[in-house]
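> Quick one: the structure is below, and I'll ask about it shortly.
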Amino acid sequence: MDINPGFEYYRGFISNIRNNFTENGVTLKEGRNTIKIIEYKGVKFCVKSFGNKNRINAIAYSFIRPSKAVRSFNYALRILSLGVKTPEPVAFVDYYKNSILDKSFYISIFQKHDFSLGQSFDLPLAERLEVLSSFAAFACMQLHNNGIYHKDLSPGNILVTQKPDESYVFHLIDLNRIKFKKKMGFRTRMSNLRRINGTAMCLGTIAHFYAMHHKKNPVWGALRIGVERIKYEKFRKVKKRCKRLTGLNKAKQDKTKETTLTNPIHH
């Protein structure tokens, strides 16, 4: 467990986060990883619970590499130091069972926002262009120029807030898969935007303004992001097919095992 020094006052709540998470809060997302908003003493905390059903990963996170919660916490502190906004990190807590990581939690302050980048795709055209052009500037000047390569830079992981002067502020979330690079070429930068699954017009708009900020031809930017998006879609299809085949093989193995158990062979 590690606590951001500014949140020592909440140590009791944090140290008992496993029970607090089970008994309290409003669920935002449920699945392999579950996210809840828990209010404690007037403060809204966003708590993400990371599951470890994969035994190999659990062992790796126990002895080889930091857990997802640890990475989320440390990366949040690092990108804040680079001037990039993310919900304020509060703490991480790892729970072990027989020396193997069983459960981990990342706690941050709940970030109020107006919408996600993905939701901006449905805004009226003029407002949508403002958001997308602002995001392009953010991605180029703040993320990539600072060497931040978010490996899951999807529209849902970018929170958008409109300021009183009608400019936009962006907050990154879901930080455990960030890489920090010394230098990024234009192709790498465009590849990093490939998970933004809006319409061709939305992607083209982002690429156009990004290329302008990076002193590249906007046409080349649109072409490059199009190529990267097509490559990504092909990769997703192959990955989906592999998962389906793996599932079929597992089901076949389970059925064979069940048949063996119900029809044992006696020697």
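> Taking the conditions exactly as written (part of a loop (DSSP other than H, G, I, E, B) and not assigned by TED's automatic domain parsing to the domain that holds residue 190), does residue 84 satisfy them or not?
It is true that residue 84 is part of a loop (DSSP other than H, G, I, E, B) and not assigned by TED's automatic domain parsing to the domain that holds residue 190.
> A further question follows. Taking segment 161-184, which residues are in contact with a Ser or Thr (Cβ under 9 Å, 6 or more places away or on another chain) and either at pLDDT below 95 or part of a loop (DSSP other than H, G, I, E, B) (or both)?
Listed by number, the residues that qualify are 167, 173, 174, 175, 176, 181.
> Could you identify the single residue in 111, 142 that is in a loop (DSSP other than H, G, I, E, B) and at pLDDT 95 or above?
111
> Additional query: Of all residues in segment 197-214, which are modelled with pLDDT of 90 or more and either on the phi > 0 side of the Ramachandran plot or not in a helix (DSSP H, G or I) (or both)?
Selection gives 214 alone.
> Quickly run through segment 27-53 and pick out the residues that are loosely packed, with under 13 Cβ neighbours inside 10 Å, in contact (Cβ under 8 Å) with a residue 12 or more places away in the chain and either within 18 Å of residue 98 (Cα to Cα) or of a type outside the set (D, E, K, R) (or both).
Residue satisfying the conditions is 53 alone.
Every residue, every condition in (1) surrounded by 18 or more Cβ atoms within 10 Å (Cβ to Cβ); (2) among the small types (Gly, Ala, Ser); (3) more than 15 Å from the chain's Cα centre (by Cα), yes or no:
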{"residue": "22", "(1), (2), (3)": "no, no, yes"}
{"residue": "67", "(1), (2), (3)": "yes, yes, no"}
{"residue": "77", "(1), (2), (3)": "no, no, yes"}
{"residue": "90", "(1), (2), (3)": "yes, no, yes"}
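> Residue 56 is checked against (1) touching a residue at least 40 places away in the same chain (Cβ under 8 Å); (2) more than 18 Å from residue 157 (Cβ to Cβ); (3) among the hydrophobic types (A, V, I, L, M, F, W, C); (4) out of contact with any Phe, Trp or Tyr (no Cβ under 7 Å at 6 or more places or on another chain) and fails just one. What number does that condition carry?
All conditions are met except number (1).
> Taking segment 5-27 as the region of interest, how many residues are in a helix (DSSP H, G or I) and among the β-branched types (Val, Ile, Thr)?
Final tally of qualifying residues: 3.
The values are calculated or read from the model by the stated rules, or taken from the named source; none is laboratory data. In this text the structure is predicted, and so the values were computed from the model without any measurement. Neighbour counts are summed over all protein chains in view; Cβ atoms, including those assigned to glycine, are modelled from backbone coordinates with ideal geometry.
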